[in-house]
Amino acid sequence: MLLSLKEAAERLSVSIQTVHNLKNSGALHVIRVGVSKGFRVEEDEIARFLETRREHPGKNAPPPSKKAVPFKHLDGSRLLAAWKRQGNRDDRRDGDSAPSSPSSRGPSGSQAS
């Protein structure tokens, strides 16, 4: 059975624009029907498309890591330099990292102790 692009979008639970994008990229094969009727998609093509997108657990997944890897993009010295550039001090004696904003101080605006 041939489906309109709207029906194909409904079957795939995507927008019509996504179906057009899939068609234009060649990921979804369509049939041109006349000039005014546009395109149609075969039901078998919907099934084929879905099968190519199916994820098979463990097949292509990377092996699980044995130990945790620290964040590589965090650099303590660069973070501290950025903190200082924003006018924050790094020598707070009260143990707080930064003053609280008025909205986090509670309804009265006074600092909670």
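The values are calculated or read from the model by the stated rules, or taken from the named source; none is laboratory data. Computed from a predicted structure; not experimentally measured. Don't worry about glycine lacking a Cβ; one is built from the backbone with ideal geometry, like all the others, and counts go over all protein chains shown.
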| Which one of ASN21, ASN60 is at pLDDT 85 or above and of a type outside the set (Ser, Thr, Tyr)? | ASN21
| said: For the stretch 1-30, give me the residue count where each residue is among the hydrophobic types (A, V, I, L, M, F, W, C), surrounded by fewer than 11 Cβ atoms within 10 Å (Cβ to Cβ) and farther than 19 Å from GLU51 by Cα. | reply: 0
| Of all residues in the stretch 25-45, which are touching a strand residue (DSSP E or B) at 6+ places or on another chain (Cβ under 7 Å) and in a helix (DSSP H, G or I)? | GLU43
| field | One residue from ARG48, ARG54, ARG85 being among the charged types (D, E, K, R), loosely packed, with under 10 Cβ neighbours inside 10 Å, at pLDDT 80 or above and closer than 30 Å to LEU5 by Cβ | value | ARG54
| field | Residue pairs meeting the criteria (Cβ under 7 Å; at least 6 apart or on separate chains; first β-branched (Val, Ile, Thr), in the stretch 18-45; second part of a loop (DSSP other than H, G, I, E, B)) | value | VAL19/LEU28; VAL41/LEU28; VAL41/VAL30
